[in-house]
Structures are given as C-alpha cells and as structure tokens.
Amino acid sequence: MKVDGRCLCGFISYMAEVDPEQAQVCHCTDCQVLSSSAFRHTVPARHGTFKLLTGELKIYVKTAESGNRRALAFCPSCGTSIYSAPVEGSARDTYFGLRVGPLAQRDQLPPKSHCWTRSRQHWVTDLATLPEVEKE
C-alpha cells in the first residue's frame, strides 16, 4: 500500500510503501515518552521505499535497553515524529517504522498487534468504556 504523510506544520512531506497487516502498537517506555502518550502506533516501511519529498529531518539517536541504537526522525520546526530506523551503517536491525499519526491513510492502518506489553499502562484496556465527547 502506498502512503504519504506530512508533519503538523507542513515543512516535512514524504511517501513510502507499507503492509497494512504489519501495523502495530508499541507499549515500550521509550515510545510512551516519545509520543507523550501511553503507546505509539507504527507500520514498517518496505525496504527502500521511504522518500522524503520536502524539508529536512532532525535525527536523534537513542540507545535502547537492548543496546540497539535507533535513529529517530522528526520535524525540526513542529516536532512531529516521522520514523524510527536503524542507525546508518548498522546491520543489526532493519526495521524502519513509520509513525502512523502523520500518514494521510492512518484510518486504513488499524493495529494488528501489540508489542512490549510488559510496559503497557494498566488503564489502556479500559479506554472503550470511558465516556465520550465527539467534539469540543
């Protein structure tokens, strides 16, 4: 599936190809902090398909609990998180995870699995039972 995305301010735009069956929610503590939420929704880009169309990404390299180093890309203007990828030259990990939120096709990418559930916030499973307000 072809997808396209942009950051909140519009400085960054990009495209890629993904497999919707691989969309997942990550509950690791890094994703909780980086997303300012309880989890992060990602989908892997097919190898070599990510193409930055406009702007220039800011990269932050994070070393995970496993020792694995990840390049975290975001918009330098508005801070929108775009992807997580192996650090250049690293052969250990090839997962290139697009953040689903900035994708125009986010409604077509429901999560198919959860990972790092040992770190999941206990209240996440109760979200469907909370009162709802359709619009503020």
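Nothing in this text is a laboratory measurement; each read-out follows from the coordinates by a stated rule. These numbers were taken from a predicted model, which means no experiment stands behind them. Backbone-built Cβ (ideal geometry, glycine too); neighbour counts: all protein chains shown.
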Quick one: what are the phi-derived ³J(HN,Hα) couplings along region 130-136, Karplus 6.51/-1.76/1.60 with θ = phi - 60°, whole Hz, x for glycine and proline? 7, x, 10, 10, 5, 7, 10
Please list the non-local residues whose amide H lies under 5 Å from the amide H of Phe96, H modeled 1.01 Å from N, same-chain partners needing a gap of 5 or more. Ala45
Spin-label point model (7 Å from Cα, Cβ direction): what's the Cys9 to Lys135 distance in nm? 2.9 nm
Length gained when the stretch Glu21-His114 is fully extended (0.36 nm per residue, less Cα-Cα span): 32.2 nm
Which GluC sites (Glu not before Pro) in region 1-58 sit in a loop by DSSP (not H, G, I, E or B) and have at most 12 other Cβ atoms within 10 Å of their own Cβ? Glu56
Can you pull out the trypsin sites (Lys or Arg not before Pro) in region 23-92 that DSSP calls coil and that have at most 15 other Cβ atoms within 10 Å? Arg46, Arg92
Listed by chain and number, the residues whose amide H is under 5 Å from that of Asn68, excluding neighbours fewer than 5 places away on the same chain and using placed H, are none
Cα extents of the chain along the three principal axes, largest first (Å): 45, 35, 29
Between His41, His114, His122, find the one with the highest GNM mean-square fluctuation for the chain; connect C-alpha pairs within less than 10 Å. His122
Report the local net charge at Thr80: Lys and Arg +1, Asp and Glu -1, summed over other residues whose C-beta lies under 15 Å from its C-beta. +3
Per DSSP H run of at least 4 residues, take -39500 (n - 2.57); add these up for the chain, divide by its residues and hand me the 222 nm value, nearest 500 deg cm²/dmol. -1500 deg cm²/dmol
Stretchable slack from Gln105 to Lys62, in nm (0.36 nm times residue separation minus alpha-carbon distance): 12.7 nm
